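The values are calculated or read from the model by the stated rules, or taken from the named source; none is laboratory data. Because the structure is a prediction, the values reported are computed rather than measured. Positions of Cβ are backbone-derived with ideal geometry, glycine not excepted, and every protein chain shown enters the neighbour counts. Note: accessible area is taken over every heavy atom of the protein model, side chains too, but ligands, DNA and RNA are not part of it. Shrake-Rupley method; radii C 1.70, N 1.55, O 1.52, S 1.80 Å.
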Amino acid sequence: MDEVLLGRIITASTLGFHIIFATIGVGIPIVIMVMEFLGIRKKDSQYLTMARRIAKGFTVTIAVGVVTGTIIGLQLSLIWPDFMRLGGQIIALPLFMEVFAFFFEAIFLGIFLYTWDRFKNPWHHWLLNIPIVVGSTLSAVFITSVNSFMNTPSGFELSEEMFVNIDPIAAMMNPSVYVRVFHVVATAYMTAAFIIASIAAFKLIKNKFQKDAEYHKKALKVTMSIGIATALLTILAGDFSAKFLHNEQPEKLAAMEWHYETEPRADLVLFGLLDEENQEVNYALRIPWALSFLSGNSFDTEVTGLNDIPEDEHPPLVIHYFFDLMVVFGMYALGVALLYFIVKKFTKFNEHHPALLYLYFLTGPLSMMAIEAGWFLAEMGRQPWIIRGYMRVSEAVTNADGLGIVLVSFIVLYAVLGFTCSYVLVKMFNNNSAESSREEYYGEGVDEK
């Protein structure tokens with residue numbers, strides 16, 4: 001196996017594992033903030049208990065996220081030294097700012113965790129959510145700007161294979177950063193909400209503690225509400241992304257859609273099997289003219305085809321399947337959340353029927369799978385470039401031996417981290433009744449006083 005493929009597999013495994021914890025790290029603070037707000041506003045200790053229990057589990061995922069995030073920084077220098085030699089001086093600012101944002105979040109998270117019930121006015125404690133949310137979101141903003149730079153590099157000039165006249169601010173605020181940040185943050189918020197919804201649905205299915213049923217029903221209702229609002233934002237983000245790709249990265253859009261001929265009134269292609277030799281797509285679901293409309297708000301928008309792009313700059317066409325998975329899983333979560341409220345508001349059917357609970361339970365795992373599919377789509381869609389238009393992946397990889405051993409070592413590490421994190425979280429909550437926690441925190445009958 002050559003170094004380029006090994007390097008890509010190592011990086012993909014690290015990013016694929018880290019994105020789970022990064023998504024949780026960005027999205028969960030919003031859920032905690034909403035739960036505590038409802039608890040104070042409604043004087044409902046169950047919502048306050050939700051906030052406390054979610055925050056308790058959140059600290060475990062943060063710890064694992066720190067480890068995997070640190071590994072990514074080390075891997076950039078270890079596996080892609082030429083990229084860091086040329087590009088490191090340009091992207092150093094957002095990398096530094098991402099670390100600063102994380103420390104900002106961590107400081108206030110520590111204060112938040114250790115000051116429950118320490119304020120006479122509970123709203124003062126709730127205010128601590130704001131810097132936590134700001135810090136976690138800014139972490140996503142800064143690290144996404146680094147990735148955006150790799151897709152749409154700016155803020156420098158190229159002279160004799162060296163980057164000169166560097167403007168770090170212009171590089172950080174590169175053309176794709178706004179669209180990509182919006183997409184990343186919205187999907188993180190959505191996924192975090194559906195993860196908590198999945199846990200609530202699972203607890204209602206298992207029903208280990210009968211007295212916790214009302215607690216989990218409240219959690220399900222709130223997280224489904226957050227899920228709908230943020231899922232609608234992801235649809236808007238997807239629309240912005242399609243238009244941006246049409247204008248700035250037409251090769252990625254064409255590869256995503258297996259679109260070969262430059263033409264107006266281009267169809268949106270979902271699913272299907274590609275006959276690459278004959279440039280034919282079989283068994284696909286085609287939405288007439290939709291790709292042109294998504295690209296430019298007009299059915300007459302001319303969409304660039306792969307045949308008008310140099311073949312050595314074509315992204316791998318497998319990204320079409322990742323696009324399908326991202327869209328289908330994301331729309332499933334939105335559809336199920338809408339179904340929950342339709343059943344609740346407009347029918348006499350029990351919205352907590354076991355059949356529906358199984359549908360709710362799938363929203364979290366499938367939303368995370370949509371995140372993974374979207375990440376692979378974004379990264380593979382940039383191929384063959386590591387800095388689009390300036391440096392190919394094959395030019396950036398290390399010449400050092402031993403990448404196979406590195407790959408095996410990291411996979412073992414991720415397996416250990418994943419198992420340990422899951423085991424700790426299960427142990428923390430599996431035999432711990434939510435109502436028992438509420439009584440411990442606030443005493444019996446506190447909401448009726």
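In table form, for the structure just shown:
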{"item": "Checking Trp289 against (1) modelled with pLDDT under 90; (2) in contact with a Ser or Thr (Cβ under 8 Å, 6 or more places away or on another chain); (3) not β-branched (Val, Ile, Thr), the condition it does not meet", "result": "(2)"}
{"item": "Test: residue in segment 45-64 that is under 17 Å from Ser409 (Cα atoms) and either under 25 Å from the mean Cα position of the chain (by Cα) or at pLDDT 80 or above (or both)", "result": "yes"}
{"item": "Any chance His246 is touching a residue at least 24 places away in the same chain (Cβ under 8 Å), assigned to a helix (DSSP H, G or I) and under 20 Å from Phe341 (Cβ atoms)", "result": "no"}
{"item": "Filter result (surrounded by 12 or more Cβ atoms within 10 Å (Cβ to Cβ) and either out of contact with any Phe, Trp or Tyr (no Cβ under 7 Å at 6 or more places or on another chain) or not in a helix (DSSP H, G or I) (or both)) within segment 426-439", "result": "Met428, Phe429, Asn432, Ser433, Ser436, Ser437, Arg438, Glu439"}
{"item": "Filter result for Ile40 (open to solvent by less than 30 Å² (accessible area, probe 1.4 Å) and either without any contact (Cβ under 8 Å) to a residue 12 or more places away in the chain or more than 20 Å from Thr59 (Cα to Cα) (or both))", "result": "yes"}
{"item": "Filter result (within 19 Å of Phe163 (Cβ to Cβ) and assigned to a helix (DSSP H, G or I)) within segment 351-393", "result": "Val393"}
{"item": "Contacts under 8 angstrom Cβ, first residue in segment 139-166 being under 23 Å from Tyr189 (Cα atoms), partner of a type in the set (Lys, Arg) and buried (at least 20 other Cβ atoms within 10 Å of the Cβ), 6 or more apart", "result": "Thr144/Arg180; Asn147/Arg180; Ser148/Arg180"}
{"item": "Qualifying positions in segment 345-360 - over 29 Å from the mean Cα position of the chain (by Cα) and charged (D, E, K, R)", "result": "Lys345, Lys348"}
{"item": "Segment 398-412: number of residues that are closer than 14 Å to Leu76 by Cβ and open to solvent by 60 Å² or more (accessible area, probe 1.4 Å)", "result": "0"}
{"item": "Where a residue in segment 376-389 is at negative phi and its partner, wherever it lies, is open to solvent by less than 20 Å² (accessible area, probe 1.4 Å) and of a type in the set (Phe, Trp, Tyr), with Cβ under 9 Å and at least six apart", "result": "Ile386/Trp80; Ile386/Phe83; Ile387/Phe83; Ile387/Phe149"}
{"item": "Residues of segment 267-290 satisfying the condition of being in contact with a Gly (Cβ under 8 Å, 6 or more places away or on another chain) and touching a residue at least 12 places away in the same chain (Cβ under 8 Å)", "result": "Val281, Tyr283, Ala284, Leu285"}
{"item": "Residue check for Phe37: over 23 Å from Phe419 (Cβ atoms) and in contact with a strand residue (DSSP E or B) (Cβ under 8 Å, 6 or more places away or on another chain)", "result": "no"}
{"item": "Matching residues, segment 300-333, being in contact (Cβ under 8 Å) with a residue 40 or more places away in the chain, open to solvent by 60 Å² or more (accessible area, probe 1.4 Å), not in a helix (DSSP H, G or I) and not charged (D, E, K, R)", "result": "Val318"}
{"item": "Among (1) surrounded by fewer than 15 Cβ atoms within 10 Å (Cβ to Cβ); (2) in a helix (DSSP H, G or I) - the single one Lys348 does not satisfy", "result": "(2)"}
{"item": "In segment 204-215, the residues that are open to solvent by 10 Å² or more (accessible area, probe 1.4 Å) and either more than 10 Å from Leu357 (Cβ to Cβ) or without any contact (Cβ under 8 Å) to a residue 60 or more places away in the chain (or both)", "result": "Lys206, Asn207, Lys208, Phe209, Gln210, Lys211, Ala213, Glu214, Tyr215"}
{"item": "Unmet requirement for Gln279, which otherwise passes all of (1) at pLDDT 85 or above; (2) open to solvent by 60 Å² or more (accessible area, probe 1.4 Å); (3) farther than 24 Å from Phe244 by Cβ", "result": "(1)"}
{"item": "Qualifying residues in segment 216-225 (those that are open to solvent by 50 Å² or more (accessible area, probe 1.4 Å) and basic (Lys, Arg)) - the one farthest from His352 (Cα to Cα)", "result": "Lys221"}
{"item": "The listed residue being in contact (Cβ under 8 Å) with a residue 12 or more places away in the chain, open to solvent by 30 Å² or more (accessible area, probe 1.4 Å) and within 17 Å of Phe21 (Cβ to Cβ), out of Pro354, Pro365", "result": "Pro365"}
{"item": "Residue list for segment 368-397, restricted to those being buried (at least 18 other Cβ atoms within 10 Å of the Cβ) and not hydrophobic (A, V, I, L, M, F, W, C)", "result": "Glu372, Gly374, Glu379, Gly381, Arg382, Gln383, Arg388"}
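This table checks each residue for (1) in a helix (DSSP H, G or I); (2) open to solvent by 30 Å² or more (accessible area, probe 1.4 Å); (3) among the charged types (D, E, K, R).
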| site | (1), (2), (3) |
| --- | --- |
| Gly227 | yes, no, no |
| Thr230 | yes, no, no |
| Thr234 | yes, no, no |
| Leu253 | yes, no, no |
| Phe271 | no, yes, no |
| Leu285 | no, yes, no |
| Phe293 | yes, yes, no |
| Ser298 | no, yes, no |
